[in-house]
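Notes follow once the structure below has been shown.
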Ligand code: 3PG
Ligand code: MG
């Protein structure tokens, strides 16, 4: 069954009702203020619709990974301030997300008011999806809305456990929109190109394996490519590799080959002597001893761009090199430009890929910028997202 939408909730009427809105406000903080506020902006449409309809909204989120206890470094207080600015009306902040203090704050809300609760992950029970904690959250409201696409791949108390405990549950507009866009990747118009980058092959092996079956072409860049190259017996110098993943990498290479879609690995590389800005660098076909790979080379970038030009669907997650250092960002930028120039339905997820797209001002030319890195990967891999599954089963 499809998840209930906000439209259905609003048709029932939410005036005077307390709504628990699970958002993903896990944004980068810099010197105690919000850095990139994309995720806050992304949930505003849902929040505004609820407030305009007279709901009393308790917004809840996690921020970072505070390990189950309060840590001022991970307080959501700066996020409440920014949320209020963006909304154009103050958003109260409650320094607890459950218990008497949260319940008292919830009781004080008037129609059309919003408050933000403190970081859910200040309680270890959140990530354990502990039933008592889910019940404590559920006590705060009678309607539940999940707009936290970025956290939909986690089975936590606020994304899963709470759902059967509330009277009504629905998917917010952000969550619904993300799923619509990503379903077009799950059932792609072909050719379907998947570009995967990033540092750790262990994070991405499952998705590469799944995409080798689903996509027509899978291009692999970033440091994880070096583990694949090593698995093929190619020299990788002192590049970052995960030797314990070599056997897995060999299996994935063979499976992709057998599926008729051999992985497109880099055929040239930017190498440097050190992982530092200004370090001596050059472009090579084979990584020499004493050098490490820091980016895909121009020939590889051109190959990926040619695939992007003929694709009808593109999914891209992860940088092609050490994107934080300008000299090693060219491959990632070339891929961003190629995806933007393509006529394909294009979906980009993951913080670094989005940063590359935004730095080049190409956001408007990508069909969909996902607010979820890990969540979008698990979705296109064909896995069930616990946050979504809970809503689909809800009353
Ligand atoms: C994210 O940014 O990846 C999401 O907010 C989920 O956070 P997590 O990876 O710490 O669960
Ligand atoms: Mg994550």
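Just so you know, all these numbers are worked out from the coordinates, no wet-lab data involved. Note that the coordinates shown come from a computational prediction; the quantities given were computed from them, not determined experimentally. Reconstructed Cβ throughout: ideal geometry from the backbone, glycine too, with neighbour counts over all protein chains shown.
Observations on the structure shown:
- Considering only beta bridges that DSSP places wholly inside the stretch 19-144, some 15 percent are antiparallel.
- Computed on the chain, with alpha-carbon pairs under 8 angstrom and 6+ residues apart, the relative contact order is 16 percent.
- Ranked by how many other Cβ atoms sit within 10 Å of their own Cβ, fewest first, the residues 291, 316 fall in the order 291, 316.
- Semi-axis lengths (Å, descending) of the ellipsoid that matches the C-alpha gyration tensor of the chain: 41, 22, 19
- Tilt relative to the chain, helix 38-52 - C-alpha long axis, 0 to 90 degrees, to 10: 30 degrees
- Going from the fewest other Cβ atoms within 10 Å to the most, the residues 184, 22, 4 appear in the order 184, 4, 22.
- Modelled this way, with points 7 Å down the Cα-to-C-beta line, the labels at residue 183 and residue 142 are 3.1 nm from one another.
- Kirkwood-based Rg to Rh ratio, the stretch 205-278, C-alpha trace: 1.00
- Nearest-0.05 FRET efficiency for residue 92 and residue 135, computed from C-beta distance (R0 35 Å): 0.90
- Taking the C-alpha atoms only, the angle from helix 298-310 to the longest principal axis of the chain is near 60 degrees.
- Extension gain, residue 309 to residue 206: 0.36 nm times the residue separation minus the Cα-Cα distance gives 34.5 nm.
- Mean separation of Cα contacts under 8 Å, 6 or more apart, over the residue count of the stretch 255-299: relative contact order %: 40 percent
- For the stretch 177-276, the relative contact order works out to 28 percent when only alpha carbon pairs closer than 8 Å and six or more residues apart are counted.
- Residue among 117, 377, 362 with the largest mean-square fluctuation in a Gaussian network model of the chain, springs linking Cα atoms under 10 Å: 362
- log10 of Debye I(q)/I(0), alpha-carbon scatterers only, for the stretch 236-395 at 0.13, 0.15 Å⁻¹: -0.73, -0.95
- Residue with peak Gaussian network fluctuation, the chain [Cα springs, cutoff 10 Å], from 50, 275, 25: 275
- Rounded to 5, percent antiparallel among DSSP beta bridges of the stretch 242-395: 55 percent
- Most mobile of 302, 11, 231 in a GNM of the chain (Cα contacts under 10 Å): 11
- Residue order for 320, 1, fewest other beta carbons within 10 angstrom first, comes to 1, 320.
- The rule of thumb for compact globular proteins, 2.2 N^0.38 Å, goes into the C-alpha radius of gyration of the stretch 232-321 1.20 times.
- Angle between the chain longest axis and helix 77-87 axis [Cα atoms, degrees, rounded to 10]: 80 degrees
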